[in-house]
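Everything below concerns the one structure shown next.
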Amino acid sequence: MLVLALILAGCGGAGNSNWQQVQGSGFRFQAPAGWTVAGATASNGPIERVQVNEFRLVHAYVHAKQAATAKELDGVADRLAQQLKGNVSSRRTLKVVGLDARAYAIDHRGLTEEFTFVLHGRHEYELLCRRAAGADDAACRKLVTSFRVG
C-alpha cells in the first residue's frame, strides 16, 4: 500500500515539473520549465517563444458582437500574414477559460506563429506562440489551456 501511495504521489508532481508559471499584469500562464522568462514572455533560443500581450479596448467586448469581432480579427490576421509574407493556415473560434476567443496560425519562412485573441470586458489578451514549422506544439497548447485572468 505504501508503494502505491509513493507511485501516485510521484505521478502527481511529475507533470508539474515540466512547466513554470509566467506572471503578467493581471494574467498568468505556464511555459516550459527550461525556457528563459522575461516579463510576460518565455523563450528557448531565437525561435521558440510564448508570450501574452494585453491591450485595452475602447469599448467593453460583448458576446452579442462575437461574429462582427471575429470578422474584424480575421482581417487583422490576413494583414499580419501579408506583412510576414506568409499565409493564414487556420482560424477558429474557441473558449479560453470560459471567455470568447479567436485563434489563428500563420505559416511563414519556416515558422508557425499561433495568435489567440482572448476578449474580456475592456481587455484583449493576445496569446502568441512561435515555433519552427512542424515542431512540437506542446508549448502552444499549454499557453492556451493554462492562461488565466486575475
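The values are calculated or read from the model by the stated rules, or taken from the named source; none is laboratory data. All of these numbers come straight from a predicted model, not from anything done at the bench. Neighbour counts are summed over all protein chains in view; Cβ atoms, including those assigned to glycine, are modelled from backbone coordinates with ideal geometry. Ligands, DNA and RNA are stripped out before the accessible areas are found, and what is left, the full protein with its side chains, is counted by its heavy atoms. Shrake-Rupley method; radii C 1.70, N 1.55, O 1.52, S 1.80 Å.
Just a few scattered comments:
- Among residues that are on the phi > 0 side of the Ramachandran plot and more than 11 Å from the chain's Cα centre (by Cα), Gly34 is not included.
- Number of positions in the range 123-150 that are open to solvent by less than 10 Å² (accessible area, probe 1.4 Å) and under 17 Å from Ile47 (Cα atoms): 4
- Long-range neighbours under 7 Å by Cβ, at least six apart or interchain, first residue within 14 Å of Ile47 (Cα to Cα) within the range 98-109, second part of a strand (DSSP E or B): Asp107/Asn87; Asp107/Ser89
- Evaluation of Gly75 against the conditions (1) more than 20 Å from Gln20 (Cβ to Cβ); (2) open to solvent by 60 Å² or more (accessible area, probe 1.4 Å); (3) free of Cβ contacts under 8 Å to residues at least 12 places away in the same chain shows that the sole unmet condition is (2).
- Exactly one residue among Arg56, Arg49 is in contact (Cβ under 8 Å) with a residue 24 or more places away in the chain and farther than 16 Å from Phe115 by Cβ, and that residue is Arg56.
- Here is the figure for the range 84-122: residues that are open to solvent by 20 Å² or more (accessible area, probe 1.4 Å), within 16 Å of Glu72 (Cβ to Cβ) and in contact with an Asp or Glu (Cβ under 7 Å, 6 or more places away or on another chain) total 2.
- Qualifying residues in the range 47-66 (those that are in a helix (DSSP H, G or I) and in contact with a strand residue (DSSP E or B) (Cβ under 9 Å, 6 or more places away or on another chain)) - the one surrounded by the fewest Cβ atoms within 10 Å (Cβ to Cβ): His63
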